[in-house]
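The values are calculated or read from the model by the stated rules, or taken from the named source; none is laboratory data. Because the structure is predicted, anything quoted here is derived from the model rather than measured. Cβ placement follows ideal geometry from the backbone for every residue including glycine, while neighbour counts extend to all protein chains displayed. To get the accessible areas, we keep the full protein, side chains included, count just its heavy atoms, and leave off ligands, DNA and RNA. Shrake-Rupley method; radii C 1.70, N 1.55, O 1.52, S 1.80 Å.
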Amino acid sequence: MTDNTAQGFTVPIGPQHPALKEPGHFQFTVDGEIVTRAYVRLGYAHRGIEKAAEARSWTQNLYLLERVCGICSHIHALAYSLAVEQLAGVEAPPRAQAIRVLVAELERIHSHFLWMGVSAHEAGFDTLFMYSWRDRETVMDLLEGLTGNRVNYSANLLGGVKFDLQAAQADSIRRGLDFLEQRTRHYLDVVSNDAMFLQRTRGIGVMTRAQAEVMGAVGPTARASNVGRDLRVEAPYAAYRDFPVRMALDERGDLEARFEVRIRELFESFRLIRQILDDLPPGELGVRLPRRIPAGEAVVRLEAPRGEVYYFVKSNGGDRPERLKVRTPTICNLTSVVRLAVGHQLADVPMILAGIDPCFSCNDRLVQLYQEETGEGRSMSWKDLRQYGIDFYARRQA
Amino acid sequence: MNTEEILNLASEVVRAWDWTSQVERPRPGQLDVYISSLAELVPVVVGLRVKRLGYLAAIVGLDLGPAVDALEVLYHFCPGDALIALRVRLPRRDAVLPSLCEVIPSAEVFERELAEMFGIQITGLHTPERLYLPDDWPDGVYPLRKDFDPGLLNTREGEPRS
């Protein structure tokens, strides 16, 4: 048996057990309990949507792209609609833009509640998980009442939105928000005061401002490290110019800060939705697009619940896009946060991963041991493994 | 800095580092830089980074098709609400690009994507392995190229892809 102390062991995590979405494979090289190297392999959910978009018409793609993500589906359809409208040289009317923002903010609430549950679950705090998912049903019902769907709301059209907002719907949204706001106040109290929970979040996975900037973190992950990157504020799109948002920032950069920033964003979303319901501009719900989309390139960047979504659409004047590129926030945050895992306890890794909201729950580990240099897999009986552990630490102590 | 100041600064940076590249303003809020030679790419990016204009939103590959026989790579830097697009043209055969990883670590995922989707060889990449495509994906087949044949994937599970 070769001496493995020099290289350490690689612990594979995933891709088989991610509970919610985006299966991914990680390899963490550990020295005892401390992570010394991290590696990511993605692509298990790669469906070739960018290529598929090149073979579909401008209208068909609206439905395809709404299905890029099951959680933030609206923001993808919105980004695509805005890009096509930019290419066509038209702008959706103010009422349509306000309804788009309304749905986007309801989606943010649903996504943040979902994330809160998932990361509480990773921390072993299943009570918070159950409660936040129960409360998430409220916002799901509001979305269903408004759009007819719990997910893939299909609110957008190229040039506008599909439905108007009725007075009765506005009232039920207000009632739902009152309930959610009261619950959110309680959750803010829990995540910032519960001593057991703080042990899993305070000072864990710290990302400094400089690191966040260099590694290109986006969204709440960046804002928790005091990087003022929120496109609703920086580059207001749709109706955010008329309904401005205050950015939630935090200086600490640890998991606790990521929790607090997201929860403070929830309050901001509640306020914004109420304001939109009160001051919804009158007028049309859509404009007609020209029959042909002129040749050109459009870049649209929007603030999804997890951070910046980037769309690039190129038209060559035909009936379908020449090229479409989607960049989601998770890829930016994942690469930065995986680097952060180095130096942490292996047991903190699931929380660090969940802290950026990629919705992972790959807590399974140590199925097979890989020898790092050769890549050879080999199995060890529990007895051998235990003896190896004892020898490992004995050698280190000596 | 407002958008106009950002773009003026970026334009100065580009001219200072590389006076042979062409600079254009296709629409308000956007600056297009046509990089004249590959050797200038990394210095220009360093220049942008030094001036804190180096938030890389994405790297987009474009296949202009067998007729034009060229690939185009767009580096989109997005400080604030401005858009700075560095545009690089490459031949479709033997396309090679220098990696930006040393300057901007987050470029790695985009570059690995370029490599596997467009067949652009990236020099200086720390982990040149595949990022998205499956392990048994055939070598030399680049799905985002215009002449990619999707019929290639019509194999049953367990059968090797030809």
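Whole percent per 10 Å bin, from 0 to the bin with the longest distance: what is P(r) over all C-alpha pairs of the range A:274-314?
Binned Cα distances yield the sequence 20, 24, 42, 14.
Which percent of Cα-Cα pairs in the range B:75-132 sits in each 10 Å bin, short to long?
22, 51, 24, 2
Can you send over the carbon and sulfur percentage of the accessible area for the range A:99-181, probe radius 1.4 Å, protein chains only?
Carbon and sulfur together cover 53 percent of it.
Can you give me the % of accessible surface on the range B:35-158 that is carbon or sulfur? Probe 1.4 Å, all protein chains present, nothing else counted.
49
May I ask which residue of B:105, B:74, B:118 lies farthest towards the positive end of the charge dipole of chain B, with charges of +1 (Lys, Arg) and -1 (Asp, Glu) on Cβ and the Cα centre as origin?
Checking the options against the dipole of chain B, the answer is B:74.
Mean separation of Cα pairs under 8 Å and 6+ residues apart, divided by the residue count of the range B:3-147: what relative contact order is that in percent?
Averaging sequence separation for qualifying contacts and normalising by length gives 20 percent for the range B:3-147.
In whole Å, what are the Cα extents of chain B along the three principal axes, biggest one first?
The Cα atoms of chain B stretch 57, 33, 27 Å along their principal axes.
What distance in nm separates the two pseudo spin-label positions at residue A:36 and residue A:284, each 7 Å out from Cα along the beta-carbon direction?
Placing both labels 7 Å along Cα→Cβ, they lie 6.6 nm apart.
Against the longest principal axis of chain A, how steep is helix A:382-397, in degrees 0 to 90 to the nearest 10, with axes from Cα atoms?
Computed tilt is about 80 degrees.
Rounded to whole Å and sorted largest first, what semi-axes of the equivalent ellipsoid does the C-alpha gyration tensor of the protein assembly as shown yield via the square root of 5 times each eigenvalue?
Its equivalent ellipsoid spans semi-axes of 36, 33, 23 Å.
In square angstrom, what is the accessible area per residue of chain B with a 1.4 angstrom probe?
It amounts to 47 Å² per residue over chain B.
Taking the solvent-accessible surface of protein heavy atoms with a 1.4 Å probe, what is the per residue accessible area of the range A:42-197 in Å²?
Per residue, the range A:42-197 has 36 Å² of solvent-accessible surface.
At a 1.4 Å probe, which residues in the range A:300-331 are at least 30 Å² less accessible with all protein chains present than in their chain isolated?
Residues of the range A:300-331 that lose at least 30 Å² of accessible area once the other chains are added: A:301, A:310, A:312, A:314, A:322, A:323, A:325, A:327, A:331.
Can you give the helix-only mean residue ellipticity at 222 nm for the protein assembly as shown, where every DSSP H stretch with n ≥ 4 adds -39500 (n - 2.57) and the sum goes over all residues, rounded to the nearest 500 deg cm²/dmol?
-13000 deg cm²/dmol
Can you check what the net charge comes to around residue A:193, using other residues whose Cβ is under 13 Å from the Cβ of residue A:193 (Lys, Arg +1; Asp, Glu -1)?
It works out to a net charge of -2.
Between residue A:149 and residue A:292, with labels modelled 7 Å along Cα→Cβ, what's the label distance in nm to one decimal, could you check?
Taking the two extended label points, one gets 3.1 nm.
Using only the heavy atoms of the protein chains and a 1.4 Å probe, how would A:129, A:392 rank by accessible area, largest first?
A:129, A:392
Find the all-direction average of the projected area of the Cα convex hull for the range A:49-327, expressing the result in square nanometres with one decimal place.
For the range A:49-327, the mean projected area of the Cα convex hull comes to 14.1 nm².
Calculate the spin-label point distance for residue A:394 paired with residue B:64, positioning each point 7 Å from the Cα along the beta-carbon direction, and give it in nanometres.
A separation of 6.8 nm, rounded to one decimal place.
How high is the FRET efficiency from residue A:163 to residue B:25, r the C-beta distance, R0 30 Å, rounded to 0.05?
Once the sixth-power term is evaluated, E becomes 0.15.
Measure nothing fancy, just the Cα-based angle from helix B:41-50's long axis to the longest principal axis of chain B, in degrees from 0 to 90, nearest 10.
Taking Cα atoms only, the helix is inclined about 50 degrees.
At q = 0.19, 0.23 Å⁻¹, work out log10 I(q)/I(0) for the range A:195-271 with the Debye formula, treating every Cα as an identical point scatterer and leaving solvent out; two decimals please.
The calculated log intensity ratios at q = 0.19, 0.23 Å⁻¹ are -0.77, -1.00.
Could you sort the residues of the range B:37-55 by number and keep only those whose accessible area is reduced by 30 Å² or more in the all-protein-chain setting relative to the chain alone, 1.4 Å probe?
B:49, B:52, B:55
In Å², rounded to the nearest 100, what is the total accessible surface buried by chains A and B against each other with a 1.4 Å probe?
It comes to approximately 3000 Å² buried between A and B.
Over the Cα atoms of the range A:209-366, what Rg and Dmax result, in angstrom?
So, for the range A:209-366, Rg and Dmax equal 18.9, 60 Å respectively.
If you rank B:146, A:51, A:325, B:51 by how much accessible surface each has, with a 1.4 Å probe, what is the order from largest down?
From most accessible down to least: B:51, B:146, A:51, A:325.
Only protein chains counted, 1.4 angstrom probe. Which residues of the range B:68-85 are at least 20 Å² less accessible in the assembly than when their chain is isolated?
B:76, B:78, B:80, B:81, B:83
Set the Förster distance to 25 Å, then compute FRET efficiency between residue B:96 and residue A:319 from the Cβ-Cβ distance, nearest 0.05.
0.10
If the cut-off is a Cα-Cα distance under 25 Å, which lysines reach residue A:51, setting aside same-chain residues fewer than 8 apart in sequence?
The reachable lysines, counting only those whose Cα sits under 25 Å from residue A:51, are A:21, A:314, A:325, B:146.
If R₀ is 51 angstrom, what is the calculated FRET efficiency for the pair residue B:12 and residue A:172, using the beta carbon separation as r and rounding to 0.05?
Efficiency, from the Cβ-Cβ distance: 0.40.
Let me check something: with ligands and nucleic acids excluded, how do B:72, B:40 order by accessible area (1.4 Å probe), largest to smallest?
Ranking B:72, B:40 by accessible area, largest first, yields B:40, B:72.
If you fit an axis through the alpha-carbon atoms of helix B:107-118 and take the longest principal axis of the Cα set of chain B, what angle between them do you get, 0 to 90°, nearest 10?
50
Let me check the size of the range A:23-128 from its C-alpha atoms; what are the radius of gyration and Dmax in Å?
19.2, 60
Accessible surface of residue A:131 in the full protein assembly, 1.4 angstrom probe, to the nearest 10 Å²?
Answer for residue A:131: close to 100 Å² accessible.
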